[in-house]
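Peer 1: This is the structure I have questions about; it appears just below.
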Amino acid sequence: MRIRSRIRGPKLRTKLLLLAAILLFAPFLFYTLLVEVETLLVDAQMNNQISLANSVAILFNNQKSLFEDLPAEIDDSKDLIAQPLVGSVLLDGKVLDWKATEDLVLRKFGSEDGSFTIRLGESINQIHGFLEVEDADFVPRDPTIISLGSSDHLRVTYLNQAGAQAEIAFTFSRPGVASAYTYLANQEDGDLVPDTEVRAFLAETPNGVNIEFSIPMEIFGSLEIFAVTYVDVDIHPTANSQRISTQPAIDQEYFELVVYRSAPIIEKIESLGFENTQVMIFDTMGRKRGESMLGATEENFFGNEDQSKNFFQRIGGFFRRFYSGQAFRDLSLEDTEQRTIEVVNSALNNEPTKDKILSLSGTPAIIAAYPIRAPGEVIGVAVVQQNVEDILKLLAGTLRTIVVVSLVIFAILTIALLGYSIRLAYRIQKLRSTTARAIDEYGRIKESSLNVERNTGDEIGELARSIDSMLGRLTQHQTFLQRMPRTLRHEINNPLNTLSTSLENLRNTNDPEEQQRYLQSAQRGVARIGRIVQNLSDAASLEDSLQNEELERVEMLRLLKNYVSNLENTHKDVEFVLVCEEQSAIANVSDFHIEQMLDKIIDNAIDFHRHDSPISILLQVGSTSLRITVANRGPTLIGDTAAVFDSLVSMRGTQSTMHFGLGLYVVRVIVEYHGGSVQAVNLEDDSGVAITVDLPLATVAPEKSSITNEPNTAEPASD
């Protein structure tokens, strides 16, 4: 018990702050809603993308010839392969751009000075080459000399649009951008034509030079003839130059250039005019035959270095621990490559498929594949890839707004709740200290009312008014207790003096008549003392005696007539008037206690009535209840009339005798025990007071109930 008494809960301010902390869960709840919306939007986008891929596939359906221009099997020993490049290629003579595509074929030609390794790649409508040349002494071109034979240079042999064999010569007067010339094979140097459509770049290395070139595919008439030749003249321009070429052995004049992408397919894709969407066409071997570039520059959605965005991304990451949502952030480029292969293979099996991937820049994207069909077979796959960064940026922006708004609301509410709690705690503390000062250390009432918080309308005001009422009643009780010894002394001394005098006179006289008179006087003194004791014991033992009392069906009209008849015999100096109808009024009551109740009311009426006026007793019978009203002319009630039925409350002056404020309290206890109610009201003309008792009839269960009828004050009989 001691341990429990020392336990203290949190302060009111702490509780309110903990309540405000619940608002911190609001961003998470909104985040879950946003993730569900994101899922819905992404799923809708994926379904829409399947339809888009179907539309692209319809464009290529039944066009088998577009996929037959590339051999089904490619021989590295007989063909030069220009494979699709990943990303863009910058002509700078550096191999970094080429290492992004690790599966490019790297072939070496020659073994002496002037030998080179070559990589060939293809981007949209461009053939790219990268040569790493081993040349101990690179000879640049003298701009004043027209002849190509005076300097090291690079030649590309091909078939032009007219079907004639032509060559491109890249010459370098210094490291950097090349000068390019086109001419027909076997033409003289004087017939060189500068060409700005083809480009090349030379960079020096410790072992020689790197040459990177780019040629538009539109200049090729056919890819059956393609050769790259490095001409090394060393330091003797007049000597025979050494040529290292990609040309094959003697039995095969030229290699054929194999390009995976098809120009007609690329033209069809570009004619679609999609923006922010990449379209790719694959053949049955899984080789990319054509693709379109994204219309807009991709931005790395997850790599933004803005600190504020990173803050909200960390918040989003914290939320994703509990609610993951879309799985874009769990993907990697390796996953993307594998998923792309799976999507293409599924479409080749005639099953349209969709999935989530990351683009090369790390942007979330959706990929959808649909089979391209010819009668009885699948001839290719149409793949549509579209970024969904707008959806995710919308989610991130909305999450950012939610977090900011939630934090602002949380701060505002925290300040408001903190201020409210401080104000509330101050009011409670003030009420507590004022209440504590109202009672001294010995338990005596120092102040009979509170002067704080009584006029406020909230619960603290109700508490203050309750405490104020309690203090008032305690003050009355304390006043009563303080007056009790003097009252008892006065009330008991009078009959004791009478009793003592009568006994003394009785002892000193032998006259029988005198003895009889003194004896009667002594008996009256004893009776008065008994009434005082009885008044005090009635209130103390009344409730206990009522619990053991059995209720009976009593005719209240007959009981009331008999009672009034007895009153007339015992109080011959007071006029009583009974007003009632001859109507049966049966109630479940204890007749003894009902008469006790009437005694208290009549005693009160006799004490306060005007001597020349009667006391009226009225009986009214309703459908469910009866009403007994006792009215008298005399002083009226002032203030709270309901307080007269409280214990130890008396409206009498100090000159009254043998009244301790218990009579009407006994009335209230008896009435409420019988399930009724009692009230005291002033007469309408303010000439007196009426006490009204409502009791339920026997047809209604004798439970405590309230009478809804308004009290009818009975006018006393006329003087």
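The values are calculated or read from the model by the stated rules, or taken from the named source; none is laboratory data. Because the structure is a prediction, the values reported are computed rather than measured. For neighbour counting, all protein chains shown are included, and Cβ atoms are generated from backbone atoms with ideal geometry for every residue, glycine included. Each accessible area value is taken on the protein alone, full model and side chains, heavy atoms only, with ligands, DNA and RNA left out. Shrake-Rupley method; radii C 1.70, N 1.55, O 1.52, S 1.80 Å.
Peer 1: When region 143-159 is examined, which residues are found to be open to solvent by 30 Å² or more (accessible area, probe 1.4 Å), of a type outside the set (Ser, Thr, Tyr) and either farther than 23 Å from Asp113 by Cβ or free of Cβ contacts under 8 Å to residues at least 12 places away in the same chain (or both)?
Peer 2: Correct list: Pro143, Ile145, Ile146.
Peer 1: Among the residues that make up region 468-476, is at least one of them at pLDDT below 80 and in a helix (DSSP H, G or I)?
Peer 2: Yes, there is a match, as at least one residue in region 468-476 is at pLDDT below 80 and in a helix (DSSP H, G or I).
Peer 1: Within 24 Å of Val681 (Cα to Cα), part of a helix (DSSP H, G or I) and either among the acidic types (Asp, Glu) or open to solvent by 20 Å² or more (accessible area, probe 1.4 Å) (or both): is that true of Asp603 in this structure?
Peer 2: Details: within 24 Å of Val681 (Cα to Cα): yes; part of a helix (DSSP H, G or I): yes; either among the acidic types (Asp, Glu) or open to solvent by 20 Å² or more (accessible area, probe 1.4 Å) (or both): yes.
When the stated conditions are applied, Asp603 passes them.
Peer 1: Which is part of a helix (DSSP H, G or I), at pLDDT below 80, surrounded by 14 or more Cβ atoms within 10 Å (Cβ to Cβ) and in contact with a strand residue (DSSP E or B) (Cβ under 6 Å, 6 or more places away or on another chain), of Leu413, Leu417, Leu392?
Peer 2: Values: Leu413 fails: in contact with a strand residue (DSSP E or B) (Cβ under 6 Å, 6 or more places away or on another chain); Leu417 fails: in contact with a strand residue (DSSP E or B) (Cβ under 6 Å, 6 or more places away or on another chain).
When all the criteria are applied, what remains is Leu392.
Peer 1: State whether one or more residues within region 356-364 are farther than 14 Å from Thr277 by Cα, open to solvent by 30 Å² or more (accessible area, probe 1.4 Å), modelled with pLDDT under 85 and among the polar types (S, T, N, Q).
Peer 2: Within region 356-364 (the criterion being farther than 14 Å from Thr277 by Cα, open to solvent by 30 Å² or more (accessible area, probe 1.4 Å), modelled with pLDDT under 85 and among the polar types (S, T, N, Q)), the answer is yes, since at least one residue qualifies.
Peer 1: Can you tell me which residues in region 420-457 are of a type in the set (Asp, Glu) and open to solvent by less than 50 Å² (accessible area, probe 1.4 Å)?
Peer 2: Asp440, Glu453
Peer 1: From the residues in region 153-199 that are under 19 Å from Phe255 (Cβ atoms) and aliphatic (A, V, I, L, M), which one is modelled with the lowest pLDDT?
Peer 2: Ranking the qualifying residues of region 153-199, first place goes to Ala185.
Peer 1: Condition check: acidic (Asp, Glu) and within 32 Å of the chain's Cα centre (by Cα). Does Glu389 satisfy that?
Peer 2: Judged against the criteria, Glu389 is a match.
Peer 1: Within the set of pairs 6 or more residues apart or between chains, which connect a residue that is surrounded by 12 or more Cβ atoms within 10 Å (Cβ to Cβ) inside region 556-570 to a residue that is in a helix (DSSP H, G or I) and not acidic (Asp, Glu) with Cβ atoms less than 7 Å apart?
Peer 2: Taking only residues 6 or more apart or on different chains, the pairs are Leu559/Ile594; Tyr563/Leu598; Leu567/Ile602.
Peer 1: For region 194-214: of the residues being among the small types (Gly, Ala, Ser) and crowded, with 17+ Cβ neighbours inside 10 Å, which is farthest from the chain's Cα centre (by Cα)?
Peer 2: Top of the filtered list is Gly208.
Peer 1: Something else about it: If you go through region 407-461, how many residues are basic (Lys, Arg) and under 29 Å from the mean Cα position of the chain (by Cα)?
Peer 2: 1
Peer 1: Something else: Within the set of pairs 6+ apart or on separate chains, which have a first residue in region 105-118 that is over 16 Å from Ala82 (Cβ atoms), a second that is open to solvent by 90 Å² or more (accessible area, probe 1.4 Å), and C-beta atoms under 6 Å apart?
Peer 2: Correct list of pairs: Asp113/Ala136.
Peer 1: Taking region 80-112 as the region of interest, how many residues are surrounded by fewer than 18 Cβ atoms within 10 Å (Cβ to Cβ) and modelled with pLDDT under 80?
Peer 2: Residues meeting the conditions: 9.
Peer 1: Could you tell me whether region 177-193 includes any residue that is open to solvent by less than 50 Å² (accessible area, probe 1.4 Å) and part of a helix (DSSP H, G or I)?
Peer 2: Yes, that holds for at least one residue.
Peer 1: Would you please list the contacts, defined by Cβ atoms under 6 Å and residues six or more apart or on different chains, that run from a residue in region 622-640 that is hydroxyl-bearing (Ser, Thr, Tyr) to a residue that is surrounded by fewer than 16 Cβ atoms within 10 Å (Cβ to Cβ)?
Peer 2: Filtered contacts from region 622-640: Thr624/Val700; Thr636/Asp686.
Peer 1: Could you say whether any residue in region 215-228 is within 17 Å of Pro140 (Cα to Cα) and open to solvent by 50 Å² or more (accessible area, probe 1.4 Å)?
Peer 2: no
Peer 1: Determine whether Tyr518 is surrounded by 12 or more Cβ atoms within 10 Å (Cβ to Cβ), among the hydroxyl-bearing types (Ser, Thr, Tyr) and more than 30 Å from Tyr420 (Cα to Cα).
Peer 2: Criteria met by Tyr518.
Peer 1: Another one. For residues in region 642-664 being assigned to a helix (DSSP H, G or I), of a type in the set (A, V, I, L, M) and open to solvent by less than 40 Å² (accessible area, probe 1.4 Å), which is modelled with the highest pLDDT?
Peer 2: Narrowing region 642-664 to residues assigned to a helix (DSSP H, G or I): 642-645, 663-664.
Okay, now just the ones that are also of a type in the set (A, V, I, L, M), so 642-644, 664.
Those still in the list that are open to solvent by less than 40 Å² (accessible area, probe 1.4 Å) too: 643-644, 664.
Details: Ala643: 70, Val644: 76, Leu664: 80.
If we take residues in region 642-664 being assigned to a helix (DSSP H, G or I), of a type in the set (A, V, I, L, M) and open to solvent by less than 40 Å² (accessible area, probe 1.4 Å), then Leu664 is modelled with the highest pLDDT.
Peer 1: Kindly evaluate Arg486 against the criterion of being under 19 Å from Lys430 (Cα atoms), modelled with pLDDT under 80 and of a type in the set (Lys, Arg).
Peer 2: Working: under 19 Å from Lys430 (Cα atoms): no; modelled with pLDDT under 80: yes; of a type in the set (Lys, Arg): yes.
No: the conditions fail for Arg486.
Peer 1: Considering only residues that are in contact with a Pro (Cβ under 8 Å, 6 or more places away or on another chain) and open to solvent by 40 Å² or more (accessible area, probe 1.4 Å), look in region 113-138 and name the one that is nearest to Glu267 (Cα to Cα).
Peer 2: Checked region 113-138; the qualifying residue nearest to Glu267 (Cα to Cα) is Asn125.
Peer 1: Here is a further query. Name every residue in region 620-641 that is assigned to a strand (DSSP E or B), surrounded by fewer than 21 Cβ atoms within 10 Å (Cβ to Cβ) and in contact with a helix residue (DSSP H, G or I) (Cβ under 9 Å, 6 or more places away or on another chain), in order of residue number.
Peer 2: Val621
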